[in-house]
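Trainee: Have a look at this one before I ask anything.
The values are calculated or read from the model by the stated rules, or taken from the named source; none is laboratory data. Everything numeric in this text was worked out from a predicted model, so none of it was measured. Heads up, the Cβs are rebuilt from the backbone with ideal geometry, glycines too, and the neighbour counts pull from every protein chain shown.
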Amino acid sequence: MAHARHTYTVGDMSESNPAAAPDHDGGSVQLGHFGRTREVRETEAVFTVEDLSVFYGDYEAVRGTTLNVRKNQITAMIGPSGCGKSTVLRCFNRMNDLIPGARVAGKILYHDEDLYGSDIDAVEVRRRIGMVFQKPNPFPKSIYDNVAYGPRVNKMKGNLDEMVEEALIGAALWDEVKDKLKTSGLSLSGGQQQRLCIARTIAVKPEVILMDEPCSALDPIATAKIEDLMHDLAEKYTIIIVTHNMQQAARVSDRTAFFTAEVDDQGVRHGRLVEFDLTSTIFGKPNDKRTEDYITGRFG
Amino acid sequence: MTVTAEKASTASGAPRGSLRRSRPRYGELVVRGILLTAALVSILTTVGIVYSLIPPTVAFFQQVSFDEFFTGTSWAPLFKPASYGVLPLLVGTLVITVIAVLVAIPLGLFAAIYLSEYARPRVRKTFKPMLEILAGIPTVVYGFFALALVTPLLRGIWPVGDGPAIFNGLAAGLVMGVMIIPTVASLAEDAMSAVPQSLRDGAYALGSTRMIVSLRVVVPAALSGIVAAFVLGVSRAIGETMIVTIAAGITPSVNWNPLQAMSTMTAFIAQAGSGDIPVASFDYKTVFAVAALLFAITFVMNAMSIRLVRKYREVYE
Amino acid sequence: MSTPADVGIPSQPREDRRSWLGPTRRRPLEMLFQGVLLASLVIGVVFLATLLIYVLVRGWPRLDARLWENFNSIRRPERAGAQAAIFGTIWVMLLTALICLPVGILAAIHMEEYADKTKWWNRAIELNLQNLAAVPSIVYGILGLGIVARQFGLGTSIITAAITLSLLVLPVVVVASREAIRAVPGSIRDGSLALGATKWQTIRKQILPAAIPGIATGSILALSRAIGEAAPLLLLGAVTFVAFNPDSLTSAYTVLPIQIYDWIRQSREEFQVLAAAAIAVLLAILLLMNSVAIYIRNRYQKRW
């Protein structure tokens, strides 16, 4: 089965890939020199989102979202504040259920199943689709118990010690904590805490990892470590990341969705998906003027 | 080591299988049921109180007219011939409550203003526990204190005429007042600390003194909470039993003089109820009738207090 | 050239907000007011100190082993002791804890984690709890007498006392537990649920353990309130002449507050001294319990 291949280099695009350079006035985005090459293959769709709207009571927070998330890719959602990125993200693991009055219209398909079907078990959804939060939130327990919590509550079979070690290795934290597994998770630095949260998320062997601005509370070095980690994680997991940081989205993601907020005639803000495409397209030659304005810094 | 997940895996190791649940999580449902039941216990308590009060009260009023009960001036239910005018009990309750409230409201409010507006953190840390201790002392201890120390003290220092009798309403009222201070003070202080600092700042910036800010800005802003505190204090005074039973004695007639013995509703219930009364007897019903009156009065006051608290919470929180 | 004094501007600024720097400026009304306020607090403190000292001094002659070794005796006050009351208090405290704490904590979990505040029955539960907290304690005695003792047929026994007192202090346990549960940050809940834990698993494994210090403190305070109560038990036949310790759930009993009340009512002076001594013992028990509560609160309270 032939896969369409779009190969691009995440790096200085205007030199190596002239086709990606914009041919209209507007400038291009300097993406920095990272030099990683990722093949963006057309893998199967893990999520298919059709015209999704999210309501809090009568207030339509986000509307008209249609996109798909493909396996083992990193999909980024960017946009200014208040445009609904986190709201949409939280739909993927049904965390919005926890907010009273929240409801969705439209459809999210997880593989072939309607994520919001009537007999879907939200608890199982959350095991398969994990989440890392903006502010690291380790439990007030030991590092070991933090990572072991997921397998324990999900009654996963196997050797717990090995599962914990595997998860901590996968989160690039093992070497730093292997001698102090019994100390409190709260004693770690911010960046380490966030990697601990990643470790406990992957300990339950999810298929998807959702990341809600995972680096916004961290310093640049910790941020870089986690961005490196994301590339490794994408080998095994499918990642969706919400970020305020455009450059981060350009650095790490394969596909990008750009959201914006629009004000209707009554003066009420609603979030809306503007454009969803390969990251190279969004940052190189976006189709929508609003996207171009945002990434070139004219607004947002 | 092989980790076997519960469901079949795809090549990437992530388990597949439907997200649908074959059967609902029964454990969670059972838990929810148990928790709701526990929460309903409190409702059952109220139902129980009402349920235990109504039949004997109804039976009581089948024999004693409302008129005799509420306007009769002689309370001698356990005597023969019995008289069932509840006025002596009401008057006793009223007099002692007024004395207690005259002590508790000013002192409680001032203490609250001091703690909220004046006291430095160190001072607060010393005084707040004192108030908590005062609140935690059993009322029987207060009663003892009233009878054994306060009454002789009053008798000793009384300047004119006959001082208080051995059992008198004044000592009971005064001691009860101090007992209620923590109730009034803590609720009033809660209300005052809910007032936003910006209101105070605005007044200070105009050159007001602390006294003016306290009395003209904070107290009016917290007024509904403060009134709620007062109402709650009154309600506690009405419902207090041990202090009056021990220190205020029994009197079968209407007596407005706090220097003499007086009997409250609560004291009657305690004394009559602690004997061994056969259920079928009328005396049993009398106890319940008075208790019903007591419950009705405090219920109304509590409802008022709760509504007032809600008012100030809505405004500031 | 005019100086500020010429113009009439006060040479010292008015006092503005809290100043740690020095005493109040010379404004007599201010100082009087502050004095009145402070005096209110001081009156309470003086009263408390007087009460404690008086009790100790008055009861000193009988604060000896007879108090807990002997049983009560009306005819021979020199032999009277409060052992039955002390044991009764301990029994009642334990039984009340067994009944009241589970119900209260579970109810608090329901109200904080599961209750949909828009449903009328949950709002009724809230309102009802606030009301119950202010019902006079003797009315609980009526409840105990009418329903527990008579309807349930449990009679005037120690289990009736425990049930009645449990209902009396239930609001205290619920309020304290709710606050402790509410203090656990939502991020912990979110983190747990996002890993595929059920709601009850989250509560059992994350929230309750984190809330335990607050719950424990509240429970101890509730129990110390319960063992100080006398009024409800007067109606429940805490028969004062009890010369034995409780031996079963349905046995007769007495407790310290009731014993104290009974001794106060006796005419002979020795019984007044005994009453004071018993009060000292009761206050000592309460002091111990409250110290434990405060210790738990200070040592284990998590700062989020």
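Per-residue answers, yes or no, for (1) more than 8 Å from every other protein chain (Cβ to nearest Cβ); (2) crowded, with 24+ Cβ neighbours inside 10 Å; (3) in contact (Cβ under 8 Å) with a residue 60 or more places away in the chain; (4) acidic (Asp, Glu):
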position	(1), (2), (3), (4)
C:ARG79	yes, no, no, no
C:GLN83	yes, no, yes, no
C:GLY88	yes, yes, yes, no
C:ALA97	yes, no, yes, no
C:ALA115	no, no, no, no
C:LYS119	yes, no, no, no
C:ALA133	yes, no, no, no
C:SER157	yes, no, yes, no
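Trainee: Looking at B:MET176, B:MET192, B:MET211, which is the one that is without any contact (Cβ under 8 Å) to a residue 60 or more places away in the chain and in contact with a helix residue (DSSP H, G or I) (Cβ under 8 Å, 6 or more places away or on another chain)?
Mentor: Values: B:MET176 fails: without any contact (Cβ under 8 Å) to a residue 60 or more places away in the chain; B:MET192 fails: without any contact (Cβ under 8 Å) to a residue 60 or more places away in the chain.
None of the others qualify; the one that does is B:MET211.
Trainee: Now for a separate question. If I ask for residues that are aromatic (Phe, Trp, Tyr) and either in contact (Cβ under 8 Å) with a residue 60 or more places away in the chain or not in a helix (DSSP H, G or I) (or both), which ones from the stretch B:139-173 would you list?
Mentor: Applying the first criterion (aromatic (Phe, Trp, Tyr)) to the stretch B:139-173 yields B:142, B:144-145, B:158, B:167.
Result: B:TYR142, B:PHE144, B:TRP158, B:PHE167.
Trainee: Name the residues in the stretch C:266-304 that are touching a Leu at 6+ places or on another chain (Cβ under 7 Å) and among the small types (Gly, Ala, Ser), would you?
Mentor: C:ALA277, C:ALA278, C:ALA280, C:ALA293, listed by residue number.
Trainee: Identify all residues within the stretch A:232-266 that are among the β-branched types (Val, Ile, Thr), over 12 Å from A:SER86 (Cα atoms) and not in a helix (DSSP H, G or I); write none if there are none.
Mentor: Step one: list which residues in the stretch A:232-266 are among the β-branched types (Val, Ile, Thr), which gives A:238-243, A:252, A:256, A:260, A:263.
Subsequent filtering for residues that are over 12 Å from A:SER86 (Cα atoms) retains A:238-239, A:252, A:256, A:260, A:263.
Answer for the stretch A:232-266, where residues must be among the β-branched types (Val, Ile, Thr), over 12 Å from A:SER86 (Cα atoms) and not in a helix (DSSP H, G or I): A:THR238, A:ILE239, A:THR256, A:THR260, A:VAL263.
Trainee: Name the residues in the stretch B:53-76 that are closer than 13 Å to B:PHE268 by Cα and either in contact with a strand residue (DSSP E or B) (Cβ under 6 Å, 6 or more places away or on another chain) or modelled with pLDDT of 90 or more (or both), would you?
Mentor: So the first thing to find is which residues in the stretch B:53-76 are closer than 13 Å to B:PHE268 by Cα, and the list is B:75-76.
Correct list: B:ALA76 only.
Trainee: Those residues that are buried (at least 21 other Cβ atoms within 10 Å of the Cβ), touching a residue at least 24 places away in the same chain (Cβ under 8 Å) and either in contact with a strand residue (DSSP E or B) (Cβ under 8 Å, 6 or more places away or on another chain) or within 11 Å of chain A (Cβ to nearest Cβ) (or both), I need them from the stretch C:173-206; list them, please.
Mentor: C:VAL184
Trainee: If I ask for residues that are under 16 Å from A:ASN68 (Cα atoms) and touching a helix residue (DSSP H, G or I) at 6+ places or on another chain (Cβ under 7 Å), which ones from the stretch A:271-286 would you list?
Mentor: A:VAL274, A:GLU275, A:THR279, A:ILE282
Trainee: Any chance the stretch C:210-229 includes a residue that's over 30 Å from C:GLN301 (Cα atoms), part of a loop (DSSP other than H, G, I, E, B) and within 21 Å of the chain's Cα centre (by Cα)? Outline the logic, then answer.
Mentor: First, pick out the residues of the stretch C:210-229 that are over 30 Å from C:GLN301 (Cα atoms): none.
Checked the stretch C:210-229: no residue is over 30 Å from C:GLN301 (Cα atoms), part of a loop (DSSP other than H, G, I, E, B) and within 21 Å of the chain's Cα centre (by Cα).
Trainee: Right, another one. Which residues, taken from the stretch B:174-208, are β-branched (Val, Ile, Thr) and either more than 9 Å from every other protein chain (Cβ to nearest Cβ) or surrounded by fewer than 19 Cβ atoms within 10 Å (Cβ to Cβ) (or both)? Steps first, answer last, please.
Mentor: We begin by selecting, within the stretch B:174-208, every residue β-branched (Val, Ile, Thr); these are B:175, B:178, B:180-181, B:183-184, B:195.
Matches in the stretch B:174-208: B:ILE180, B:THR183, B:VAL184, B:VAL195.
Trainee: How many of the residues in the stretch B:161-214 are of a type in the set (Phe, Trp, Tyr) and more than 30 Å from the chain's Cα centre (by Cα)?
Mentor: Step one: list which residues in the stretch B:161-214 are of a type in the set (Phe, Trp, Tyr), which gives B:167, B:204.
Now restrict to residues that are more than 30 Å from the chain's Cα centre (by Cα): B:204.
Of the residues in the stretch B:161-214, 1 are of a type in the set (Phe, Trp, Tyr) and more than 30 Å from the chain's Cα centre (by Cα).
Trainee: Still on this structure: Working carefully through the options C:ALA277, C:ALA284, C:ALA252, find the one that is among the small types (Gly, Ala, Ser), touching a residue at least 12 places away in the same chain (Cβ under 8 Å) and either closer than 25 Å to C:GLY214 by Cβ or not in a loop (DSSP other than H, G, I, E, B) (or both). Before you say what the answer is, go through the steps one by one.
Mentor: On the way: C:ALA284 fails: touching a residue at least 12 places away in the same chain (Cβ under 8 Å); C:ALA252 fails: either closer than 25 Å to C:GLY214 by Cβ or not in a loop (DSSP other than H, G, I, E, B) (or both).
Result of the check over C:ALA277, C:ALA284, C:ALA252: C:ALA277.
Trainee: Take the residues of the stretch B:103-127 that are assigned to a helix (DSSP H, G or I) and surrounded by fewer than 17 Cβ atoms within 10 Å (Cβ to Cβ): which is nearest to the other protein chains (Cβ to nearest Cβ)?
Mentor: So, considering only residues that are assigned to a helix (DSSP H, G or I) and surrounded by fewer than 17 Cβ atoms within 10 Å (Cβ to Cβ), the one nearest to the other protein chains (Cβ to nearest Cβ) is B:PRO106.
Trainee: Being in the same structural domain as C:PRO102 (by TED's automatic domain parsing) and at pLDDT 95 or above is true for just one of C:SER224, C:SER187, C:SER192. Which residue is that? Steps first, please.
Mentor: On the way: C:SER224 fails: at pLDDT 95 or above; C:SER187 fails: at pLDDT 95 or above.
On inspection, the qualifying residue turns out to be C:SER192.
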